[in-house]
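Visitor: For reference, the structure I am asking about is given below.
The values are calculated or read from the model by the stated rules, or taken from the named source; none is laboratory data. From a predicted model like this one, the values you see are computed outputs, not experimental measurements. Cβ sites come from the backbone with ideal geometry, for glycine too, and all protein chains shown count toward neighbours. Just so you know, the surface numbers come from the protein's heavy atoms only, side chains and all, with ligands and any DNA or RNA stripped out. Shrake-Rupley method; radii C 1.70, N 1.55, O 1.52, S 1.80 Å.
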Amino acid sequence: MSVRISLDGVDKAFTSRRTGERQQIFRDFSLTLAPDELVAVVGGSGTGKTTLMHLIAGLERPDAGTVSTGGGRPRLGMVFQQPRLLDWTSVETNVRLAATAAGVDPAEVAPILDAVGLTDYARSYPSVLSGGQRQRVAVARAFVVRPEVLLLDEPFSALDELTARRLRLLLQQLWLRTPRTGLLVTHNALEAAFLADRVVVLGGRPAEVVGEYRIDRPRPRSPEDPDLFDVHRRIVAALT
Amino acid sequence: MTVTHPAGVEEVVLGGGRSPAPPGRPPATGVVARLTRPLPALLLVGLLAAGWQLMAHTSGSALIPGLGAVARNLADITTSGALAENVRVTLTRVVLGFAAAFVVSVAAGIAMGRSEWLRRFLEPAVLIGLATPGLVKALLCVIWFGVSLLNPVLTVALAAAPALTINVAQGVRSVDPALSEMAHVYRFDALTRLRYVWLPAIVPDLFTGARLGIAMAWKVIVLVEIFGLADGVGYQLNLEFSQHNVAGVLAWTVAFALVMAAIEYGLLQTLERRAVRWRRVALR
Ligand SMILES: Nc1ncnc2c1ncn2[C@@H]1O[C@H](COP(=O)(O)OP(=O)(O)OP(=O)(O)O)[C@@H](O)[C@H]1O
Ligand SMILES: [Mg+2]
């Protein structure tokens, strides 16, 4: 099932617990993700990218306006900015619990762990893993549930370049096999250009879309595609 | 209320064969460490016994019987079967009462940890429960419930529940909201949440509460048995007391202390070690 996600006239404010000051993160903000579209969001720190993702996941409610995920509650795969693993149970169980809850055959856990290069750690506690390895467990957990909507908050930023590259290709593979609606938050403009159908640049407070680039390159794409560098240059220009 | 974790927790985290020894301490090897660990405790017991014997010897008073007299009494109640029977009776009461307290406290503690309103609603009851002396609880239960099994079980439950509840509530408040959000996003069912998100987070506080609760339970069960019942360790203590047999009182006390120690070291610490195994691995 393909899911259309739309935010319509969304207001969202936080009251800082320290200063008591009210920060208006979004005012009358609208954004639509077409069915099966992968949208990358880039923007400075503190603009509201994670907040946007939490609004879509239903973890935050808008003060005004609506967030719709195609009527129902689609199956979510989500990589949070921190891995959010259950430290007291094995890597394998962390992934399997999500699979089982989503009605996915637990036999699919092993291949996913293999894909993120963690087969040797399947029976380890997450706390013995490095930061990048923990993030890979979170990626495996998000992919294993056969998500209808994939929300990725800087999923590859804690990884070494080689692993990040492998996982970007894995993500592309996923879209080639079964496209789905996705939001990818990243600080890496080149990564955004390589993976996304559209790149949205967020900026300002309240946050607005300050740049938008459609990337009409067919998949599979190559990370070395010179056209992507061109888009990359324009995204960076919009950011500065 | 903050309750620091008893030494057992640290021991689990730092001790054990495979984790590295903290700096400044020689590395303990498995078997030797296991055998030498109880030595300080045994040394203390030995010193106390020696001191007691010295006191008994120098005073010559019948009120301070020597170790020999206590040991003879202990042997008597052991061979007559009185010890086993009365410990069984008392333990049954404690176990039933503690089980009741556990069920109620975990439910109440989770409720208090999740809802601010329920916390405000239940907190006074818990604080009153904590502040009420065990003697008062025992007396009231004897008056109201007499000699039925309900009396000791209820007293033990009343004694153990407040400390358990407060600690469970504290444990629930320490559940990481980030993990609750993760469980929500991945649609974990209630059972999975309880087993994998909640329980592991509240386990340390649960054990602290269980320790305090059991300590309270021992104290009141003896009182109830003294005041209102015709068997059990407390009743026997009272019996020896009324016959002015100090050695008998001491024999029952020693036997009871040994049973308590067996439960603390044999049961609680073993369970706790299993429950927090993942922390030890984390330090490797
Ligand atoms: N629960 C909250 N309570 C109070 N303030 C919050 C909360 N969540 C976010 N904020 C504030 O909202 C603003 C946007 O936060 P958000 O996490 O969405 O930024 P971001 O774009 O993801 O930043 P980064 O790139 O650093 O992850 C920040 O100023 C942050 O302090
Ligand atoms: Mg963020």
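Visitor: Mind listing whichever residues of the range B:151-193 are touching a residue at least 24 places away in the same chain (Cβ under 8 Å) and within 14 Å of chain A (Cβ to nearest Cβ)? Break it down into steps so the answer makes sense when it comes.
Guide: Quick first cut of the range B:151-193, residues touching a residue at least 24 places away in the same chain (Cβ under 8 Å) only: B:151-176.
B:Gly171, B:Ser174, B:Val175, B:Asp176, listed by residue number.
Visitor: Right, another one. Being under 16 Å from A:Asp197 (Cβ atoms) and either within 16 Å of ligand 1 (Cβ to nearest atom) or hydroxyl-bearing (Ser, Thr, Tyr) (or both) is the filter here; which residues of the range A:148-186 pass it?
Guide: Answer for the range A:148-186, where residues must be under 16 Å from A:Asp197 (Cβ atoms) and either within 16 Å of ligand 1 (Cβ to nearest atom) or hydroxyl-bearing (Ser, Thr, Tyr) (or both): A:Leu151, A:Leu152, A:Thr178, A:Thr181, A:Leu183, A:Leu184, A:Val185, A:Thr186.
Visitor: Another question, if that's okay. Restricting to the range A:17-44, and then to whatever is open to solvent by 20 Å² or more (accessible area, probe 1.4 Å), modelled with pLDDT of 90 or more and outside any strand (DSSP E or B), can you tell me which residue is farthest from the other protein chains (Cβ to nearest Cβ)?
Guide: My answer is A:Ala34.
Visitor: Can you confirm whether A:Asp114 is within 16 Å of ligand 1 (Cβ to nearest atom), surrounded by fewer than 18 Cβ atoms within 10 Å (Cβ to Cβ) and without any contact (Cβ under 8 Å) to a residue 60 or more places away in the chain?
Guide: Numbers: within 16 Å of ligand 1 (Cβ to nearest atom): no; surrounded by fewer than 18 Cβ atoms within 10 Å (Cβ to Cβ): yes; without any contact (Cβ under 8 Å) to a residue 60 or more places away in the chain: yes.
Answer is no for this residue.
Visitor: Among A:Glu60, A:Glu37, which is more than 8 Å from ligand 1 (Cβ to nearest atom) and in the same structural domain as A:Val209 (by TED's automatic domain parsing)?
Guide: Numbers: A:Glu60 fails: more than 8 Å from ligand 1 (Cβ to nearest atom).
Exactly one residue qualifies, and that residue is A:Glu37.
Visitor: Look at A:Val67 and say whether it is near ligand 1 (Cβ under 10 Å from one of its atoms) and either part of a loop (DSSP other than H, G, I, E, B) or of a type in the set (A, V, I, L, M, F, W, C) (or both).
Guide: no
Visitor: Does A:Ser6 qualify as being among the polar types (S, T, N, Q), touching a residue at least 60 places away in the same chain (Cβ under 8 Å) and either more than 8 Å from ligand 1 (Cβ to nearest atom) or outside the structural domain of A:Leu176 (by TED's automatic domain parsing) (or both)?
Guide: On the way: among the polar types (S, T, N, Q): yes; touching a residue at least 60 places away in the same chain (Cβ under 8 Å): yes; either more than 8 Å from ligand 1 (Cβ to nearest atom) or outside the structural domain of A:Leu176 (by TED's automatic domain parsing) (or both): yes.
So A:Ser6 fits the description; yes.
Visitor: All but one of (1) part of a loop (DSSP other than H, G, I, E, B); (2) more than 12 Å from chain B (Cβ to nearest Cβ) hold for A:Val109, so report the exception by its number.
Guide: Condition (1) is where A:Val109 drops out.
Visitor: Which ones in the range A:56-83 are without any contact (Cβ under 8 Å) to a residue 60 or more places away in the chain and touching a Phe, Trp or Tyr at 6+ places or on another chain (Cβ under 8 Å)?
Guide: Residues satisfying the conditions are A:Pro62, A:Gly65.
Visitor: Out of (1) touching a Phe, Trp or Tyr at 6+ places or on another chain (Cβ under 9 Å); (2) open to solvent by 30 Å² or more (accessible area, probe 1.4 Å), the odd one out for B:Gly234 is which?
Guide: Of the numbered conditions (1) touching a Phe, Trp or Tyr at 6+ places or on another chain (Cβ under 9 Å); (2) open to solvent by 30 Å² or more (accessible area, probe 1.4 Å), the odd one out for B:Gly234 is (2).
Visitor: Pick from the range B:264-284 the residues that are open to solvent by less than 40 Å² (accessible area, probe 1.4 Å) and β-branched (Val, Ile, Thr): which of them is nearest to the other protein chains (Cβ to nearest Cβ)?
Guide: Within the range B:264-284, the match that is nearest to the other protein chains (Cβ to nearest Cβ) is B:Val281.
Visitor: Right, another one. Residues that are in contact with a strand residue (DSSP E or B) (Cβ under 6 Å, 6 or more places away or on another chain), at least 1 per element: which helices (runs of 4 or more DSSP H) completely within the range B:168-284 meet that? It would help to see each step written out before you state the result.
Guide: Numbers: elements: B:177-185, B:199-228, B:233-242, B:246-261, B:269-275, B:277-282.
Passing ranges, in order: B:177-185.
Visitor: Which of the following residues is more than 26 Å from A:Leu55 (Cα to Cα) and either away from ligand 2 (no atom under 16 Å from the Cβ) or touching a His at 6+ places or on another chain (Cβ under 9 Å) (or both): A:Leu171, A:Leu167, A:Leu228?
Guide: Numbers: A:Leu171 fails: more than 26 Å from A:Leu55 (Cα to Cα); A:Leu167 fails: more than 26 Å from A:Leu55 (Cα to Cα).
Exactly one of A:Leu171, A:Leu167, A:Leu228 is more than 26 Å from A:Leu55 (Cα to Cα) and either away from ligand 2 (no atom under 16 Å from the Cβ) or touching a His at 6+ places or on another chain (Cβ under 9 Å) (or both), namely A:Leu228.
Visitor: Further, regarding this structure: Within the range A:150-205, how many residues are among the aromatic types (Phe, Trp, Tyr) and assigned to a loop (DSSP other than H, G, I, E, B)? Reasoning before the result, please.
Guide: So the first thing to find is which residues in the range A:150-205 are among the aromatic types (Phe, Trp, Tyr), and the list is A:156, A:175, A:194.
Add one more test, that the residue is assigned to a loop (DSSP other than H, G, I, E, B), and what stays is A:156.
Here the count works out to 1.
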